[in-house]
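Below you'll find the structure, written out as structure tokens, and then a few comments.
The values are calculated or read from the model by the stated rules, or taken from the named source; none is laboratory data. Since the structure is predicted, the reported quantities are computational estimates derived from the model, not experimental observations. Backbone-built Cβ (ideal geometry, glycine too); neighbour counts: all protein chains shown.
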Amino acid sequence: MEIVRLTADYELKPFDCGDADLNGFLLNDAKNYAEKKLAFTFILEDEGRIVAYYSLLNDKISKRDTSNAAWRRMKKLFPHQKHFNSYPAIKIGRFAVAKEYEGQGIGRKLMDVIKMRLFAYEVSSAFRFLTVDAYLSAVPFYERNDFKMVLSDDDDEHTRMMYFDIVHL
Ligand SMILES: CC(C)(COP(=O)(O)OP(=O)(O)OC[C@H]1O[C@@H](n2cnc3c(N)ncnc32)[C@H](O)[C@@H]1OP(=O)(O)O)[C@@H](O)C(=O)NCCC(=O)NCCS
């Protein structure tokens, strides 16, 4: 298996992760997002088949988007002199594994690869957190991958804001 970056000339093949929005993003929007520099998409391929994909974009966790309690927790990660109003992050805008590959540890391995690639060598701009707006059904998956809730009382109907602290690697 290998990870390739989605470019304009990449020949997309069928992909079904069981979620119409995530399927539609890959098949209809991802190239446009890349062209407009809104998110870059990476595809995990196996012998020409699309096993999984993810999209990345820059982000921040900011005081404005959290509760007072959540922000106090976040600030505790930093020394007093580094108590800013926001901290840099990279967002996992989309993440999906094809249905026929689900439950085989591929999501976990791919998440480890994302963390290592970003941490070790692939970005030249600093970031402290990986963030994700996790579908409610996928929250346990992110928890298994050491993501934490930004808000302890997040009551969004569809997603939870979660983060992974990259210094934990
Ligand atoms: C959620 C998703 C990415 C998980 O990928 P996967 O390859 O099936 O997950 P893995 O097999 O690597 O599982 C890793 C761990 O998470 C757990 N897990 C995965 N999905 C889970 C779920 N929906 N509920 C509870 N636990 C889950 C697994 O049990 C496993 O735990 P373990 O390490 O203790 O055995 C995949 O099911 C998917 O793409 N779903 C549809 C799209 C989606 O929801 N994407 C997330 C958008 S925010």
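Look through Asn28, Asn23 and report the one residue that is farther than 27 Å from Asp154 by Cβ and surrounded by fewer than 20 Cβ atoms within 10 Å (Cβ to Cβ). Step through it out loud before you land on a result.
Numbers: Asn23 fails: farther than 27 Å from Asp154 by Cβ.
Result of the check over Asn28, Asn23: Asn28.
When residues of segment 24-57 are filtered for being in a helix (DSSP H, G or I) and out of contact with any Pro (no Cβ under 9 Å at 6 or more places or on another chain), how many remain?
First pass over segment 24-57, keeping only residues in a helix (DSSP H, G or I): 24-35.
Still in the running and out of contact with any Pro (no Cβ under 9 Å at 6 or more places or on another chain): 24-26, 28-35.
Looking only at that region, the number is 11.
May I ask you to verify whether Asp112 is out of contact with any Ser or Thr (no Cβ under 6 Å at 6 or more places or on another chain), surrounded by fewer than 16 Cβ atoms within 10 Å (Cβ to Cβ) and more than 30 Å from Glu45 (Cβ to Cβ)?
Answer is no for this residue.
Out of segment 130-169, which residues are in a loop (DSSP other than H, G, I, E, B) and closer than 19 Å to Leu118 by Cα? I'd like the intermediate steps shown before the answer.
In the first step, residues of segment 130-169 are kept if they are in a loop (DSSP other than H, G, I, E, B); the result is 145-147, 150-158, 169.
Across segment 130-169, the qualifying residues are Asn145, Asp146, Phe147, Leu169.
Can you confirm whether Thr7 is on the phi < 0 side of the Ramachandran plot, modelled with pLDDT of 95 or more, among the β-branched types (Val, Ile, Thr) and part of a loop (DSSP other than H, G, I, E, B)?
Details: on the phi < 0 side of the Ramachandran plot: yes; modelled with pLDDT of 95 or more: yes; among the β-branched types (Val, Ile, Thr): yes; part of a loop (DSSP other than H, G, I, E, B): yes.
It is true that Thr7 is on the phi < 0 side of the Ramachandran plot, modelled with pLDDT of 95 or more, among the β-branched types (Val, Ile, Thr) and part of a loop (DSSP other than H, G, I, E, B).
Do the conditions hold for Lys91, that is, is it assigned to a helix (DSSP H, G or I), surrounded by 11 or more Cβ atoms within 10 Å (Cβ to Cβ), modelled with pLDDT of 95 or more and not β-branched (Val, Ile, Thr)?
So Lys91 fails the test.
Which residues, taken from segment 91-117, are more than 10 Å from the ligand (Cβ to nearest atom) and in contact with a strand residue (DSSP E or B) (Cβ under 6 Å, 6 or more places away or on another chain)?
Within segment 91-117, Lys91 is the sole residue that qualifies.
From the residues in segment 1-29 that are among the hydrophobic types (A, V, I, L, M, F, W, C) and touching a residue at least 60 places away in the same chain (Cβ under 8 Å), which one is farthest from the ligand (Cβ to nearest atom)? It would help to see each step written out before you state the result.
First, pick out the residues of segment 1-29 that are among the hydrophobic types (A, V, I, L, M, F, W, C): 1, 3-4, 6, 8, 12, 15, 17, 20, 22, 25-27.
Of the ones still in play, those that are also touching a residue at least 60 places away in the same chain (Cβ under 8 Å) are 3, 15, 17, 22, 25-26.
Working: Ile3: 15, Phe15: 10, Cys17: 4, Leu22: 5, Phe25: 10, Leu26: 11 Å.
Only one residue tops the list, namely Ile3.
Give the residue, chosen from Lys115, Lys99, Lys148, Lys37, that is within 22 Å of Gly18 (Cβ to Cβ) and modelled with pLDDT of 95 or more.
Within the list Lys115, Lys99, Lys148, Lys37, the selection yields Lys99.
When you look at Glu157, is it away from the ligand (no atom under 12 Å from the Cβ) and either free of Cβ contacts under 8 Å to residues at least 60 places away in the same chain or surrounded by 12 or more Cβ atoms within 10 Å (Cβ to Cβ) (or both), yes or no? Give the derivation first.
Working: away from the ligand (no atom under 12 Å from the Cβ): yes; either free of Cβ contacts under 8 Å to residues at least 60 places away in the same chain or surrounded by 12 or more Cβ atoms within 10 Å (Cβ to Cβ) (or both): yes.
Yes: the conditions hold for Glu157.
For residues that are surrounded by 13 or more Cβ atoms within 10 Å (Cβ to Cβ) and either closer than 16 Å to Ala39 by Cβ or within 17 Å of the chain's Cα centre (by Cα) (or both), tally how many sit in segment 5-20. Walk me through it before giving the result.
Start the filter on segment 5-20 by keeping residues that are surrounded by 13 or more Cβ atoms within 10 Å (Cβ to Cβ), which leaves 6, 10, 12, 15-17, 19.
This time we only want the ones that are either closer than 16 Å to Ala39 by Cβ or within 17 Å of the chain's Cα centre (by Cα) (or both), so: 6, 10, 12, 17, 19.
Counting residues in segment 5-20 that are surrounded by 13 or more Cβ atoms within 10 Å (Cβ to Cβ) and either closer than 16 Å to Ala39 by Cβ or within 17 Å of the chain's Cα centre (by Cα) (or both) gives 5.
Determine, yes or no, whether Ile61 is at pLDDT 95 or above, more than 16 Å from the ligand (Cβ to nearest atom) and surrounded by 18 or more Cβ atoms within 10 Å (Cβ to Cβ).
yes
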